[in-house]
Amino acid sequence: MSYAMLDPKSLVVLVTGATSGFGEAIARRFAGAGSRVVGTGRRVERLEKLKAELGDALHIAEHDVRDYDATVKLVEGLPEPFKGINVVAANAGLALGLGPAETVDIDDWRTMIDTNITGFVSTVRATLPGMVERGQGHVFGLGSVAGDYPYPGGNTYGGTKAFVKQFCLALRADMLGKNVRVTNIEPGMVETEFSLVRFKGDEGKASNVYDNMRGMSAEDVAETIFWCATLPAHVNINRLQVMPTDQAFSPFAVHRGAS
Ligand code: NDP
Ligand code: 8X3
């Protein structure tokens, strides 16, 4: 058994949602270490900018994770140096709104479910056969502390992340003996465009989330994933919860309106 860390140059990484935040940082981290990276997302001009920065290490594709057929086509049609994906960072996702369940826009719930659940499992399903066949792979789910701990307004977003967690654990069971690792990364507050998207472009509300505290950066998350992916092949991190030092837990809320 080899106890050596994996050589990042041997890794071919698919990262969904590479146009912003974690995905962009993951692409940079792996490409900078010599991996080949396939970066996808809907905002093609951002992908092109990243391509101009990372050059031959990066292959880009405009892609919506909600479209399973397009995902299969993308994986099957990769050019030679990017075939043989052995790390999948199924990262694309979003939160929309933070309102009480009885007032939210049902389309926001649908979009989160379509992206964070359907898009996530589609990415995994399209990439697993190749990894199983080659006998090497690593799937990363981007869960969240919101999938572990409920908070007001977290409703559907937290539900989608709880799904990601449980799916990853069950996938571990399916991958036993196939040399495909599965890790659910569960971050707390990270300063990306996440809150800007959640609050639909309201910059004031988004920046308030991180006001006067030190959140994590996308690079912190990318480093965590890079570490998990380069650990010796016989080591599997199942779940990794990571928070800013400035974030912790609070007591249960109690409604004291009883007569
Ligand atoms: P960002 O908003 O900065 O990035 C989200 C990425 O997801 C973008 O690249 C976006 O690309 C992509 N995306 C969204 N919808 C789709 C879609 N339908 N098809 C393809 N790509 C899509 O957020 P983060 O980087 O912070 O979030 C990344 C992941 O991490 C998400 O799953 C999020 O839930 C999770 N997370 C974030 C935390 C945080 O505090 N920031 C904490 C815990 C988890 P484009 O719009 O160009 O398609
Ligand atoms: C994002 C972290 O706490 O805003 O998943 O839900 S949180």
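The values are calculated or read from the model by the stated rules, or taken from the named source; none is laboratory data. Being a predicted model, the structure only gives us computed values, none of them experimental. All Cβ positions, glycine included, derive from the backbone under ideal geometry; neighbour counts span all protein chains shown. The area values use the complete protein model at the heavy-atom level, side chains included, leaving out ligands, DNA and RNA. Shrake-Rupley method; radii C 1.70, N 1.55, O 1.52, S 1.80 Å.
If you check Gly97, Gly147, Gly141, which single one turns out to be small (Gly, Ala, Ser) and out of contact with any Asp or Glu (no Cβ under 8 Å at 6 or more places or on another chain)? Before the answer, list the steps.
Values: Gly97 fails: out of contact with any Asp or Glu (no Cβ under 8 Å at 6 or more places or on another chain); Gly147 fails: out of contact with any Asp or Glu (no Cβ under 8 Å at 6 or more places or on another chain).
Result: Gly141 is the single residue among Gly97, Gly147, Gly141 that is small (Gly, Ala, Ser) and out of contact with any Asp or Glu (no Cβ under 8 Å at 6 or more places or on another chain).
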Near pairs, Cβ below 6 angstrom, 6+ apart or cross-chain, from segment 201-230 (away from ligand 2 (no atom under 14 Å from the Cβ)) to any residue that is hydroxyl-bearing (Ser, Thr, Tyr) and outside any helix (DSSP H, G or I): Cys228/Thr183
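Kindly evaluate Arg36 against the criterion of being within 15 Å of ligand 1 (Cβ to nearest atom), closer than 21 Å to Gly141 by Cα and either among the basic types (Lys, Arg) or crowded, with 17+ Cβ neighbours inside 10 Å (or both).
Details: within 15 Å of ligand 1 (Cβ to nearest atom): no; closer than 21 Å to Gly141 by Cα: yes; either among the basic types (Lys, Arg) or crowded, with 17+ Cβ neighbours inside 10 Å (or both): yes.
Criteria not met by Arg36.
Out of Tyr151, Tyr157, report the one residue that is closer than 28 Å to Lys200 by Cα and over 15 Å from the mean Cα position of the chain (by Cα).
Details: Tyr157 fails: over 15 Å from the mean Cα position of the chain (by Cα).
Exactly one residue qualifies, and that residue is Tyr151.
For segment 55-76, check the following and say yes or no: at least one residue is in a helix (DSSP H, G or I), within 13 Å of ligand 1 (Cβ to nearest atom) and of a type in the set (S, T, N, Q).
Yes, some residue in segment 55-76 is in a helix (DSSP H, G or I), within 13 Å of ligand 1 (Cβ to nearest atom) and of a type in the set (S, T, N, Q).
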Given (1) buried (at least 16 other Cβ atoms within 10 Å of the Cβ); (2) of a type outside the set (A, V, I, L, M, F, W, C); (3) more than 9 Å from ligand 1 (Cβ to nearest atom), index of the condition Lys83 fails: (1)
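Would you check if there is a residue in segment 15-31 being in a strand (DSSP E or B), on the phi < 0 side of the Ramachandran plot and buried (at least 24 other Cβ atoms within 10 Å of the Cβ)?
Step one: list which residues in segment 15-31 are in a strand (DSSP E or B), which gives 15-16.
Adding the requirement that they be on the phi < 0 side of the Ramachandran plot leaves 15-16.
This time we only want the ones that are buried (at least 24 other Cβ atoms within 10 Å of the Cβ), so: 15-16.
Yes - at least one qualifying residue is present in segment 15-31.
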Scope segment 140-168; condition within 9 Å of ligand 2 (Cβ to nearest atom) and under 14 Å from Val121 (Cβ atoms); matching residues: Leu142, Gly143, Lys161
Unmet criterion (only one of (1) part of a loop (DSSP other than H, G, I, E, B); (2) farther than 30 Å from Gly130 by Cα; (3) of a type outside the set (A, V, I, L, M, F, W, C)) for His234: (2)
Breaking point among (1) assigned to a loop (DSSP other than H, G, I, E, B); (2) open to solvent by less than 40 Å² (accessible area, probe 1.4 Å), for Thr103: (2)
